[in-house]
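What follows is a set of notes on a single structure, which appears directly below.
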Amino acid sequence: MSSTGWSDRTISAGRASIEGRTHGPRAFLPFVGPALIASIAYMDPGNFATNIEAGAKYGYMLLWVVLFANIAAMLFQAQSARMGIVTGASLATLAARHYPKPIVYFMWIVSEIGAMATDLAEFLGAAIGMSLLSGLPLMTCLVLTGVATYLILGLQGAGFRPMEALISAFIGVIGASYVVELWIAPPDWSAALSGVVTPRLTDARSVALAVGVIGATIMPHAIYLHSNLTRDRVPMNNARETRRVLWFSNLEVLLALGFAGLVNMAMVCMSASVFHAGNPDVAEIETAYHTLAPLLGNAAAAVFMISLLASGLSSSVVGTMAGQSIMQDFVRFRVPLWLRRLLTMIPAFVVVALGYGATDALVMSQIVLSIVLPVPMIALLHLGARRDIMGEFVNGPAMRIASLVAAAIILALNAVLLLSAAGVEIPGLG
């Protein structure tokens with residue numbers, strides 16, 4: 001095992017790939033992992049909450065938001081991975097090196113708030129799934145979920161490959177679950193296509209949900225974590241080898257996040273197909289579960305909850321990993337894993353103890369994430385455009401323009417949401 005957490009076997013296989021000694025899928029496999037781990041953030045319980053309400057209330061109308069969010073996510077995750085590969089440092093580490101201390105501490109505090117919002121959604125989602133499947137009280141399931149995620153996090157001691165394999169298995173469960181759901185409840189494909197290609201927002205709630213979908217899809221902690229996972233994975237000796245590794249990284253981002261995007265669209269389509277016509281007010285995960293059973297049968301409801309449980313457990317693990325790297329890379333401070341896990345669990349226990357709606361908490365956490373998102377996003381674009389940091393691999397004009405357009409749209413949606421929440425009437429949103 002190397003000091004970076006990658007096994008000697010992985011490093012050797014990676015070297016064989018970039019030197020051209022292996023070809024085809026075998027050449028790609030050593031580089032599979034970072035985008036897969038990041039992609040679980042795009043299928044977390046926050047996505048379930050926002051996608052269920054989006055499909056139930058608006059049918060297929062907000063599918064274009066899911067598509068936009070996924071394309072934007074690919075842009076930013078690819079750049080984060082690129083930064084880690086080229087510089088051998090994470091985004092948070094580079095921010096700490098190149099920005100004044102007050103800005104660094106501001107970024108760290110905001111990022112920790114984002115990490116807490118992330119863990120609230122993921123931890124609650126897993127507990128909800130476990131509670132509905134087992135019949136146990138939600139508070140009991142919160143404890144069991146905390147223990148389970150802590151045990152899974154212990155796999156880090158065996159290196160990154162076992163963790164990547166487990167996360168991949170969870171992704172497989174989520175994907176298979178939605179294949180089953182769409183087979184049981186086929187969507188209106190022509191309406192779905194129209195929703196994908198026709199941008200529309202009809203009222204203030206649709207704006208809030210659009211921002212929530214973006215917050216649930218483009219995750220601040222995933223942007224930070226991806227650069228951490230790609231740094232020093234395989235040693236590179238020259239620019240040609242670096243370009244080869246970047247090609248593999250971009251391919252993994254395209255495949256992993258493309259799959260995550262399809263899962264998110266499937267969530268909206270399932271909700272639109274089952275709930276929109278007769279149950280448009282379904283906005284709670286628990287209500288969706290109890291409504292699915294009489295409409296489609298207990299098997300459909302159970303598959304839905306199994307996917308939610310797999311999503312919550314895996315994304316909670318990834319969220320804790322991201323929180324660790326954010327704290328360590330920004331302020332070079334580490335806390336024991338059990339303590340960080342305990343601290344990030346507290347908001348979920350508070351929400352349940354106060355009787356606040358769990359799904360409402362999930363949706364609000366995604367809106368918080370969307371408001372936090374500009375911090376890592378702007379830092380990524382700024383640092384990625386600096387030749388003194390990225391050298392010849394500095395982002396080109398096309399990448400910069402596409403990223404700036406995506407960032408501008410996200411910031412505009414955030415501004416509309418905040419104005420609406422403040423009671424400012426937005427023309428056309430009623």
Problem set entry | Leading residue by the ranking (farthest from residue 285 (Cα to Cα)) among those in region 155-178 that are in contact (Cβ under 8 Å) with a residue 12 or more places away in the chain and surrounded by fewer than 19 Cβ atoms within 10 Å (Cβ to Cβ) | 159
For this session: Just give me the residues in region 187-213 being in a loop (DSSP other than H, G, I, E, B) and under 24 Å from residue 256 (Cα atoms), in sequence order.
Result: 187
Exercise. Restricting attention to region 28-63, which residues are aromatic (Phe, Trp, Tyr) and either surrounded by fewer than 24 Cβ atoms within 10 Å (Cβ to Cβ) or over 10 Å from the mean Cα position of the chain (by Cα) (or both)?
Worked result: 28, 31, 48, 58, 60
For this session: Determine, yes or no, whether residue 227 is out of contact with any Leu (no Cβ under 9 Å at 6 or more places or on another chain), part of a helix (DSSP H, G or I) and at pLDDT 85 or above.
Result: no
Problem set entry | Criterion violated by residue 136 - all others in (1) part of a helix (DSSP H, G or I); (2) free of Cβ contacts under 8 Å to residues at least 60 places away in the same chain; (3) surrounded by fewer than 17 Cβ atoms within 10 Å (Cβ to Cβ) satisfied | (1)
For this session: Could you check residue 42 against (1) modelled with pLDDT of 90 or more; (2) in a helix (DSSP H, G or I); (3) among the aromatic types (Phe, Trp, Tyr) and say which number it fails?
Result: (1)
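Among the residues in region 331-342, are any buried (at least 23 other Cβ atoms within 10 Å of the Cβ) and in contact (Cβ under 8 Å) with a residue 24 or more places away in the chain?
no
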Seminar exercise, completed: Checked region 154-179 for anything farther than 26 Å from residue 258 by Cα and in contact with a Ser or Thr (Cβ under 8 Å, 6 or more places away or on another chain); matches are 159
For this session: Return the total of residues in region 247-281 being of a type in the set (Val, Ile, Thr), over 22 Å from residue 230 (Cα atoms) and within 17 Å of the chain's Cα centre (by Cα).
Result: 2
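Go through region 325-363 and give me each residue that's outside any helix (DSSP H, G or I) and at pLDDT below 80.
333, 334, 335, 336, 354, 355, 356, 357
In region 230-249, how many are within 17 Å of residue 379 (Cβ to Cβ) and part of a helix (DSSP H, G or I)?
1
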For this session: State all residues of region 94-106 that are surrounded by fewer than 22 Cβ atoms within 10 Å (Cβ to Cβ) and either small (Gly, Ala, Ser) or not in a loop (DSSP other than H, G, I, E, B) (or both); if no residue qualifies, say none.
Result: 96, 97, 98, 101, 102, 103, 104, 105, 106
Problem set entry | Filter result (buried (at least 23 other Cβ atoms within 10 Å of the Cβ) and at pLDDT 85 or above) within region 188-220 | 195
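The values are calculated or read from the model by the stated rules, or taken from the named source; none is laboratory data. These numbers come from a predicted model, not from an experiment. All Cβ positions, glycine included, derive from the backbone under ideal geometry; neighbour counts span all protein chains shown.
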